[in-house]
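For reference, the structure is listed below as structure tokens.
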Amino acid sequence: MKRALIIGAAGFVGSYLIDHIQKHCVWSIVVTKMPQETMECPGVDICDLDILAPEAIERLLEEQRPDYIFHLAAQSSVAVSWKNPGLTVDVNVKGSLNVLDAVRKLDYKPRVLLIGSGEEYGHVRENEVPVQEDNVLRPGNIYAATKACQNMIGAIYAQAYGMDVMMVRAFNHVGPNQSPIFVVADFCKQTAEIEAGLKEPVIKVGNLSARRDFSDVRDVVRAYVELMEKGKAGETYNVGSGNAVEIRKILDMILCRSKKEIRVEVEPSRMRPVDVPVIEADISKLKTCTGWEQKITLEETIQDTLEYWRQKLKE
């Protein structure tokens with residue numbers, strides 16, 4: 001039986017990836033979390049791991065000897081990266097390097113999937129949309145720069161050491177249980193709070209004109225597993241919907257599902273120092289490699305996310 005290791009499984013994506021593997025793959029699963037995090041997951045081995053501790057990673061890999069490694073651990077918020085660039089560099093660059101170096105020292109070659117971001121492309125020009133994997137990278141924020149660095153290091157390790165490493169640039173993925181530091185969860189949470197009478201009927205927003213490529217997290221983890229099974233070492237794959245949507249449209253879709261009248265107010269503190277106008281994925285490489293197709297519509301995702309926050313506020 002193949003053994004999958006998910007590094008950084010306590011986050012938003014981890015639970016969905018675990019669920020997908022348990023339902024669709026005949027793999028055993030071991031996951032890592034930070035010591036201060038809590039996880040309950042039947043049928044899964046759970047280990048504490050700090051990816052800034054190289055020796056701990058080496059010990060874990062020697063003990064578990066996974067066939068597949070999904071590297072999810074990251075500081076994944078653009079907003080947080082502006083406030084704490086040092087932490088973002090440590091986790092996303094140094095942490096990933098520690099993982100790759102630990103894998104390099106093994107006496108066998110597991111497959112490794114490094115999760116990057118569509119933010120790496122940064123300031124995409126009009127004639128470059130939708131953006132392909134070989135496009136020039138022009139990161140527009142600290143988080144994007146660290147993920148671009150991770151991608152380059154992964155490609156170098158694959159080529160220089162003959163390692164079975166693949167890279168993903170995942171565009172905005174959303175769904176129930178996502179932290180409200182991300183825009184769709186934020187809007188849905190604010191709406192649910194207003195419906196529950198917990199706040200005044202005003203949604204605070206940042207830049208609504210930016211266009212982003214949104215996918216349901218359940219579709220995204222399915223792409224990760226497909227790439228783990230079928231992807232080519234040293235290659236980078238876009239994972240997204242292939243369709244950019246204006247943030248304003250996302251907000252409108254949420255407001256039209258609201259049970260109360262809601263006003264919208266721009267809050268200066270929610271505006272980023274630099275915001276890229278359009279990020280949209282060309283996903284033809286992913287489709288050609290795996291046959292993956294998007295299954296869950298944005299409307300379904302928003303409905304599920306809004307309902308998640310409605311139920312959570314009742315707890």
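In segment 79-93, of all residues being open to solvent by 70 Å² or more (accessible area, probe 1.4 Å) and touching a helix residue (DSSP H, G or I) at 6+ places or on another chain (Cβ under 9 Å), the one that is modelled with the lowest pLDDT corresponds to 82. For segment 34-55, the criterion of being modelled with pLDDT of 95 or more and under 17 Å from the mean Cα position of the chain (by Cα) is satisfied by no residue at all. Restricting attention to segment 229-272, the residues being β-branched (Val, Ile, Thr) and within 25 Å of residue 117 (Cβ to Cβ) number 6. Return yes or no: is residue 48 farther than 25 Å from residue 118 by Cβ, in contact with a Lys or Arg (Cβ under 6 Å, 6 or more places away or on another chain) and open to solvent by 30 Å² or more (accessible area, probe 1.4 Å)? For residue 48, the condition - farther than 25 Å from residue 118 by Cβ, in contact with a Lys or Arg (Cβ under 6 Å, 6 or more places away or on another chain) and open to solvent by 30 Å² or more (accessible area, probe 1.4 Å) - is not met. For segment 135-149, the criterion of being more than 17 Å from the chain's Cα centre (by Cα), of a type in the set (D, E, K, R) and either part of a strand (DSSP E or B) or crowded, with 22+ Cβ neighbours inside 10 Å (or both) is met by at least one residue.
Of all residues in segment 82-102, those satisfying the criterion of being in contact with a Phe, Trp or Tyr (Cβ under 8 Å, 6 or more places away or on another chain) and under 26 Å from residue 222 (Cβ atoms) are 92, 100. Of all residues in segment 158-194, exactly one satisfies the criterion of being closer than 27 Å to residue 111 by Cβ, of a type in the set (Phe, Trp, Tyr) and part of a loop (DSSP other than H, G, I, E, B), namely 171. Just one residue in the set 270, 212, 310 is charged (D, E, K, R), modelled with pLDDT under 95 and either surrounded by 15 or more Cβ atoms within 10 Å (Cβ to Cβ) or under 27 Å from residue 15 (Cα atoms) (or both); that residue is 212. Listed by first and then second residue, the pairs with beta-carbon distance under 9 Å, at least 6 apart or on different chains, first residue in segment 62-85 and free of Cβ contacts under 8 Å to residues at least 40 places away in the same chain and more than 25 Å from residue 229 (Cα to Cα), second surrounded by fewer than 22 Cβ atoms within 10 Å (Cβ to Cβ) and charged (D, E, K, R), form an empty list.
Among the conditions (1) aliphatic (A, V, I, L, M); (2) in contact with a Ser or Thr (Cβ under 6 Å, 6 or more places away or on another chain); (3) under 30 Å from residue 268 (Cβ atoms), the only one that residue 1 does not satisfy is (3).
Output the qualifying pairs, or none if there are none: Cβ atoms under 6 angstrom, residues six or more apart or on different chains, first residue in segment 173-191 and under 16 Å from residue 79 (Cα atoms), second residue assigned to a loop (DSSP other than H, G, I, E, B) and not aliphatic (A, V, I, L, M). These pairs meet every condition: 181/77; 185/178; 186/180. When 152, 163, 228 are screened for being out of contact with any helix residue (DSSP H, G or I) (no Cβ under 9 Å at 6 or more places or on another chain) and open to solvent by less than 40 Å² (accessible area, probe 1.4 Å), only 228 passes.
Taking residues in segment 242-263 that are touching a residue at least 40 places away in the same chain (Cβ under 8 Å), and partners anywhere that are hydroxyl-bearing (Ser, Thr, Tyr), the pairs with Cβ atoms closer than 7 Å and at least 6 places apart or on different chains are 248/209; 254/191; 258/191; 262/191. Output the qualifying pairs, or none if there are none: Cβ atoms under 9 angstrom, residues six or more apart or on different chains, first residue in segment 18-31 and in contact (Cβ under 8 Å) with a residue 60 or more places away in the chain and in a loop (DSSP other than H, G, I, E, B), second residue open to solvent by 20 Å² or more (accessible area, probe 1.4 Å) and among the basic types (Lys, Arg). Close Cβ pairs (under 9 Å, with a partner that is open to solvent by 20 Å² or more (accessible area, probe 1.4 Å) and among the basic types (Lys, Arg)) amount to 25/2.
The values are calculated or read from the model by the stated rules, or taken from the named source; none is laboratory data. These figures come from a predicted structure and were not determined experimentally. So basically every Cβ, Gly included, is an ideal-geometry build from the backbone, and we count neighbours across all protein chains shown. Quick note on the areas: whole protein, heavy atoms, side chains included, nothing else; ligands and nucleic acids left out. Shrake-Rupley method; radii C 1.70, N 1.55, O 1.52, S 1.80 Å.
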